[in-house]
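Participant: Sharing a structure, written as structure tokens. Questions coming.
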Ligand SMILES: [Zn+2]
């Protein structure tokens, strides 16, 4: 084969790998519809990598080690190489699901110092769940065998602040604020910072919703060792604090 042909083939493979990585590694809310289209294809199922063998407790430790590096500005930026991209061509087996706010200051791959294929990330303002979010989590747990689900609230969350202040917003924003209302009620009478209290109550409540979600996730704790953990991110220190230890499903 001529050198030119080799080079063309290599570039074509690179482009193909790049496209697959982008589709499978970024599961933000904005890409949800794209993800579910892929999920619907039979070929996608058959291309999944072997089951993840990272148990929930080790996954949590790996996240916290990465966050320690980030908070100390000693990041290693793992899994960002061309070789990693190639490795992921055949499928993904992320070791943790992160449900975080869409806030631009809280990007999970950065604050946990992780790379391509490591985290299955779902982002939505206020880190709340609806059927689409639960469906994405079910996909990761059921088909990628991911064992840890971490719900990440954060300081000075705009969505939570608006909900606590009882803001009335036009359009779809109001439905998001309504979804946060149970967390506002749960934290209303707590002493201290009302917004941060609500952030913490919301992360815990959403973690509970995921644990108790029927018919898929509720059974996965006992059967598969899946754990759901709530956590809080501090904007100033960059530290993530686990709000409760890994909690078995009921
Ligand atoms: Zn937020």
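Participant: At what distance in nm do the modelled label points of residue 142 and residue 212 sit from each other, each positioned 7 Å from its Cα along Cα→Cβ?
Facilitator: Once both label points are built, they end up 2.1 nm from each other.
Participant: Now for a different question. So, in Å, what gap is there between the alpha-carbon centers of segment 179-237 and segment 101-176?
Facilitator: 11
Participant: Could you check the spin-label model distance between residue 241 and residue 175? Points 7 Å from the Cα along Cα→Cβ, value in nm.
Facilitator: Rounded to a tenth, the inter-label distance reads 3.4 nm.
Participant: Just need the relative contact order of segment 121-250 here, percent rounded to a whole number, with Cα pairs under 8 Å and 6+ apart.
Facilitator: It comes to 30 percent, rounded to a whole number.
Participant: If each residue's Cβ is checked for other Cβ atoms within 10 Å, how do 109, 75 rank with the fewest at the top?
Facilitator: Values: 109 19, 75 15.
Ordered from fewest to most neighbouring Cβ atoms within 10 Å, 109, 75 come out as 75, 109.
Participant: Continuing with the same structure: If you count, for each residue, the other Cβ atoms within 10 Å and average over each peptide, how do 205-211, 195-201 line up from highest to lowest? Please report the intermediate quantities before stating the final value.
Facilitator: On the way: 205-211: 20.9, 195-201: 22.9.
Output ranking for 205-211, 195-201: 195-201, 205-211.
Participant: In nm, to one decimal, how far is the modelled label at residue 76 from the one at residue 61, with both set 7 Å along Cα→Cβ?
Facilitator: Here the modelled spin labels are 1.4 nm apart.
Participant: Next question. State the extension gain, in nm to one decimal, for the chain segment bounded by residue 68 and residue 53, taking 0.36 nm per residue of separation less the distance between their alpha-carbons. List each step's numbers first, then the result.
Facilitator: On the way: separation 15, 0.36 × 15 = 5.40 nm, distance 2.32 nm.
Contour length minus the Cα-Cα distance gives 3.1 nm.
Here, each number is a calculation from the coordinates, and none is a lab measurement. Note that the coordinates shown come from a computational prediction; the quantities given were computed from them, not determined experimentally. A quick note on method: Cβ atoms are made from the backbone with ideal geometry, for glycine too, and the neighbour counts reach across all protein chains shown.
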